[in-house]
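The block underneath contains the structure these notes are about, expressed in structure tokens.
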Amino acid sequence: MTALLKARGLRKTYATRRGGFMRAPTRFAAVDGVDVTLLRGRTLGILGESGCGKSTLARLVLGLAEPDAGTVNLGGAAMPRPDTPEWRKLRTRLQLVQQDAAGALDPRLPIRAQVAEPLAIHGRDQAAADAVLSSVGLNRAMGARFPHELSGGQLQRVVIARALALDPEILVLDEPVSALDVSIQAQIVNLIADLQAARGLAYLFVSHDVNVVRHVSDRIAVMYLGRVVEEAPAAAFGERARHPYTRALLSSVPVPDPAHRRAGVPRIGDPPDPSAPPGGCRFHPRCPHATDLCRAEVPPLRSLSAGHAAACHRIEEITKCA
Ligand code: SF4
Ligand code: MG
């Protein structure tokens, strides 16, 4: 199957003034050498804790941020520089769905007008707004309402409808259900899956929630402090996950107590500071298997079996072969 989008070696650094504003700024890599391949009708899930670089990766893939290194190729053509006319034209093929639906909408405009807006900007028939609203389960009467009259789940449907208005090929979904009640999450996840099947969309689905990512994805890449530490088919997740960090994430999962639902954090010490990643394997301060080699050298992402790769010096020793 040919890739709709291929990103290779993406790297993005930011300045930080750790230790106060009197200190000279240093740079850290929020995304450090990441590859992404998106296929028509398929979902690549990006799983990781907050601060792992997954939202930065989403912005790089969309062309909303320019990488320091690496390339994004869309249908065989290089992604143009942000905010050029070529970029604005290409951008209709990729759209973003964010977590904060309320913040993404204009409180002063009825929702149909907001879904019609991208159509108007690109000189397309605004009548398509009704069809796209109906495809996300919102009728004409709903289209006349204002954002404050809608529930959280309905607002997320509006944001999805607006992202679909220009008939894109790719949706980048950044924590699209994390702000919703658990009972509503399943409805929106199912809607997202139905829309993919109906339209042949490719998804980059970014989330800290292991259960949601496993449910929606065909492939899953686990990110830790800017790097992919394991990538595998969704079906190989669980029992066959092999990286110590992935295993820690999975073992922290079934948390039926709602008070802990937002956690998604391994029970292996505090989450790291993304602006000061440790050397060598970035997971070493939290890894029970760390050695001197782990502290000194970055483990490369290498293939373990067909379609399954991980970045760990000791993977053969500490996990049985799948
Ligand atoms: Fe742990 Fe070393 Fe593997 Fe990193 S490379 S995950 S520190 S065993
Ligand atoms: Mg984020």
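For first residues located in the range 175-202 and within 16 Å of ligand 2 (Cβ to nearest atom), partners that are of a type in the set (A, V, I, L, M) and lie 6+ apart or on another chain with Cβ distances below 7 Å form the pairs Glu175/Val206; Pro176/Val97; Pro176/Ile188; Pro176/Ile192; Val177/Ile188; Val177/Val189; Val177/Val212; Leu180/Ile188.
Could you please find all residues in the range 78-94 being under 13 Å from Ala7 (Cβ atoms) and either of a type in the set (Val, Ile, Thr) or surrounded by fewer than 15 Cβ atoms within 10 Å (Cβ to Cβ) (or both)?
Of the range 78-94, the ones under 13 Å from Ala7 (Cβ atoms) are 78-79, 94.
Result: Ala78, single match.
Annotation for the range 230-247: at least one member residue is within 17 Å of Ile315 (Cβ to Cβ), at pLDDT 90 or above, surrounded by fewer than 18 Cβ atoms within 10 Å (Cβ to Cβ) and out of contact with any strand residue (DSSP E or B) (no Cβ under 8 Å at 6 or more places or on another chain).
When you look at Ala102, is it of a type in the set (Gly, Ala, Ser), in contact with a Gly (Cβ under 8 Å, 6 or more places away or on another chain) and over 26 Å from Phe237 (Cβ atoms), yes or no? Answer is yes for this residue. For the range 22-56, a residue qualifies if it is away from ligand 2 (no atom under 16 Å from the Cβ), among the small types (Gly, Ala, Ser) and either within 11 Å of the chain's Cα centre (by Cα) or within 19 Å of Ala310 (Cα to Cα) (or both), and exactly one does: Gly33.
I need the full set of residues from the range 269-322 which are among the charged types (D, E, K, R) and within 7 Å of ligand 1 (Cβ to nearest atom), in order please.
Here is the first cut: in the range 269-322, the ones among the charged types (D, E, K, R) are 270, 273, 282, 286, 292, 295, 297, 302, 314, 316-317, 320.
Result: Arg314, single match.
Among the residues of the range 4-49, those that are farther than 20 Å from Val189 by Cβ and among the hydroxyl-bearing types (Ser, Thr, Tyr) comprise Thr13, Tyr14, Thr16, Thr26, Thr37.
Do we have Asp130 as modelled with pLDDT under 95, farther than 30 Å from Asp273 by Cβ and not in a strand (DSSP E or B) here? Quick ask: steps written out before the conclusion?
On the way: modelled with pLDDT under 95: no; farther than 30 Å from Asp273 by Cβ: yes; not in a strand (DSSP E or B): yes.
Spelling it out, it is not the case that Asp130 is modelled with pLDDT under 95, farther than 30 Å from Asp273 by Cβ and not in a strand (DSSP E or B).
For the range 211-226: of the residues being closer than 14 Å to Lys54 by Cα and not in a strand (DSSP E or B), which is nearest to the chain's Cα centre (by Cα)? Quick ask: steps written out before the conclusion?
Filtering the range 211-226 for residues closer than 14 Å to Lys54 by Cα gives 213, 220-226.
Those left that are additionally not in a strand (DSSP E or B): 213, 225-226.
Working: Val213: 10, Leu225: 14, Gly226: 13 Å.
In this case the residue turns out to be Val213.
In the range 292-316, the residue that is farthest from Val34 (Cα to Cα) out of those that are part of a strand (DSSP E or B) and either within 16 Å of ligand 2 (Cβ to nearest atom) or over 23 Å from the mean Cα position of the chain (by Cα) (or both) is Ser305.
Entry remark, the range 141-166: residues being free of Cβ contacts under 8 Å to residues at least 40 places away in the same chain and in a loop (DSSP other than H, G, I, E, B) number 5 in total.
The residues listed here are Gly103, Gly137; of these, the one that is of a type in the set (Gly, Ala, Ser), without any contact (Cβ under 8 Å) to a residue 40 or more places away in the chain and within 23 Å of Ala179 (Cβ to Cβ) is Gly103.
For the range 178-208, the set of residues classified as modelled with pLDDT under 95 and in a loop (DSSP other than H, G, I, E, B) consists of Ser178, Ala179, Leu180, Asp181, His208, listed by residue number.
When you look at Gly103, is it under 16 Å from the mean Cα position of the chain (by Cα) and under 29 Å from Pro147 (Cβ atoms), yes or no? Quick ask: steps written out before the conclusion?
Details: under 16 Å from the mean Cα position of the chain (by Cα): no; under 29 Å from Pro147 (Cβ atoms): yes.
No: the conditions fail for Gly103.
The values are calculated or read from the model by the stated rules, or taken from the named source; none is laboratory data. Predicted model, so just to flag it, every value in this text is computed and none were measured. Every residue, glycine as well, gets a Cβ built from its backbone with ideal geometry; the counts of neighbours run over all protein chains shown.
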